[in-house]
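Input: a single structure, listed below in structure tokens.
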Amino acid sequence: MSVPATRRVVAFDGLLRLIHAWNALSILALIASGLIADEYEHSATGAALWRLHIQMGYALIGGLIARLVWGLIGPDTARWSDLWHPREWLATLRALPRLSLPASRRGHDTLASALFICLYFVLTGLAVTGLALTAIQHNTGPLTIWLGDSVWLKHLFKEPHEALYGLVVGFIGLHLAALIWHQFIGKAPVAQAMLTGNQYLTKGGDHA
């Protein structure tokens, strides 16, 4: 496969990249603290890890709120409109069997943007169920006044919380696989875009 000619453009602003990093690290911390806390259930270590898990949950909620606001008032490639491409999604899906994706564009990848939108809905559900479990199991958090110590409601939130967690883990795997595919098969260096803010678009790609 020949390497396509590319041009560098500035795509992502500093605040968007900071929010992205904040949310990514919060998610990884939530996964790690939750897994380890399960191994030390009913111990002082487990209790401390669950407290850390809750704090990381608050950090993620803060990051999601920041992303929501910046998606409304930020620059063009940070806006929610940059994630909404139904016509392009259909065109991309039609092109996938031929491994011939539409020309790259400045901003979010058209196919990935659909998954990002789904991810934000999943993370919102994860946050809501997590807050409910925090109130039910730990008698703390903003939902305590309604759900505090309501242990009989635990199953209503625990199973959805775990299912949503599984979807997030699946997204992480898919996201990493897509970055590797672009880097080594698609020959498009996209992995660094949220670090440097720069994108390398194929010649003939969308506006700069």
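The values are calculated or read from the model by the stated rules, or taken from the named source; none is laboratory data. Because the structure is predicted, anything quoted here is derived from the model rather than measured. Positions of Cβ are generated from backbone atoms using ideal geometry, with glycine treated the same way; all protein chains shown enter the neighbour counts.
Numerical summary
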| read-out | value |
| --- | --- |
| Candidates 120, 200, filtered to the one that is surrounded by 15 or more Cβ atoms within 10 Å (Cβ to Cβ), over 21 Å from the mean Cα position of the chain (by Cα) and not hydrophobic (A, V, I, L, M, F, W, C) | 200 |
| Some residue of segment 131-138 being of a type outside the set (D, E, K, R), in contact (Cβ under 8 Å) with a residue 40 or more places away in the chain and farther than 26 Å from residue 48 by Cβ | no |
| Filter result for the condition that a residue is loosely packed, with under 13 Cβ neighbours inside 10 Å and farther than 17 Å from residue 199 by Cβ, over 53, 42 | 42 |
| Test: residue 94 is modelled with pLDDT under 80 and basic (Lys, Arg) | yes |
| Any hit, segment 107-120, residues being modelled with pLDDT under 95, among the polar types (S, T, N, Q) and part of a helix (DSSP H, G or I) | yes |
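Conditions tested, residue by residue: (1) of a type in the set (S, T, N, Q); (2) loosely packed, with under 14 Cβ neighbours inside 10 Å; (3) over 27 Å from residue 91 (Cα atoms).
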position: 110; (1), (2), (3): yes, no, no
position: 128; (1), (2), (3): no, no, yes
position: 155; (1), (2), (3): no, yes, yes
position: 179; (1), (2), (3): no, no, no
